[in-house]
Amino acid sequence: MAENGFDGPARFAAAPLAILGTAAADGQPHLVPVVFAVSHDVLYTAVDAKRKSTQHLRRLANIAENPRVSVLVEHYSDDWNQLWWVRADGVAALHDSGDEMAIGYSLLRAKYSQYDRVALDGPVLSIAITQWRSWQA
C-alpha cells in the first residue's frame, strides 16, 4: 500500500473492466477491453462465447509472438481530484486445458455473474504480474 493510502493493486482487482495491451513481434501495438480476475499477482482473462468478429484474435497471436503485456485500469471523474489509474505489467501465457484454465474459469465466474449465461469455452490467458505502476490525483 502506498504511503498516501492508495492501494493500487486492490483498486485494480476490484475494477470491472481493463484494457489489455499487447504488441506483435514487429512492435505493432494492440489494445482491447477485457474482463478479468486477479489472484496472487496473476491476472486471468479468457476467450468466452460473446460474439467476436473472428476467432483468430490478434491478442492471442501477439502473445504467441511476444508474451510481454500491460493491463490498465483507470477511473475518470469530472472531479479531477478523483482521477487514478493502475497498470500491471507482466508475462502472458495461454492455457487450453489444465489447472490454470480451471483456476481462471473459476475466478471469472466468481467475479462476473454474466458467466451464468455466457459460456466460458475458449483458452484462458494468465498474466504473471511482474510490476505494478499507479497514479492518483
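The values are calculated or read from the model by the stated rules, or taken from the named source; none is laboratory data. From a predicted model like this one, the values you see are computed outputs, not experimental measurements. Positions of Cβ are backbone-derived with ideal geometry, glycine not excepted, and every protein chain shown enters the neighbour counts.
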request  = Look at ARG87 and say whether it is in contact with a strand residue (DSSP E or B) (Cβ under 7 Å, 6 or more places away or on another chain) and basic (Lys, Arg).
outcome  = yes
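Would a scan of region 61-74 turn up a residue that is in contact with a helix residue (DSSP H, G or I) (Cβ under 6 Å, 6 or more places away or on another chain) and surrounded by 17 or more Cβ atoms within 10 Å (Cβ to Cβ)?
Yes, the conditions are met somewhere in region 61-74.
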inquiry  = Condition (residue is surrounded by 12 or more Cβ atoms within 10 Å (Cβ to Cβ), closer than 28 Å to GLY5 by Cβ and of a type in the set (A, V, I, L, M)) applied to region 87-110: is it met by at least one residue?
reply    = yes
query = Would you pick out the residues in region 70-129 that are within 20 Å of LEU57 (Cβ to Cβ) and β-branched (Val, Ile, Thr)?
reply = VAL71, VAL91, VAL118, VAL124, ILE127
inquiry  = Just to be sure before I move on: is ALA93 over 19 Å from ALA23 (Cα atoms) and modelled with pLDDT of 95 or more in the structure I sent?
reply    = no
task = Would you check if there is a residue in region 31-38 being without any contact (Cβ under 8 Å) to a residue 24 or more places away in the chain, exposed (fewer than 14 other Cβ atoms within 10 Å of the Cβ) and under 10 Å from the mean Cα position of the chain (by Cα)?
result = yes
ask   = Taking the stated definitions as given, is ASP121 of a type in the set (D, E, K, R) and in contact (Cβ under 8 Å) with a residue 40 or more places away in the chain?
value = yes
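I'm trying to understand the selection: among the residues of region 91-107, which are polar (S, T, N, Q) and part of a helix (DSSP H, G or I)? Full working, then the answer.
Our first condition is that a residue be polar (S, T, N, Q); within region 91-107, this holds for 97, 106.
Residue satisfying the conditions is SER106 alone.
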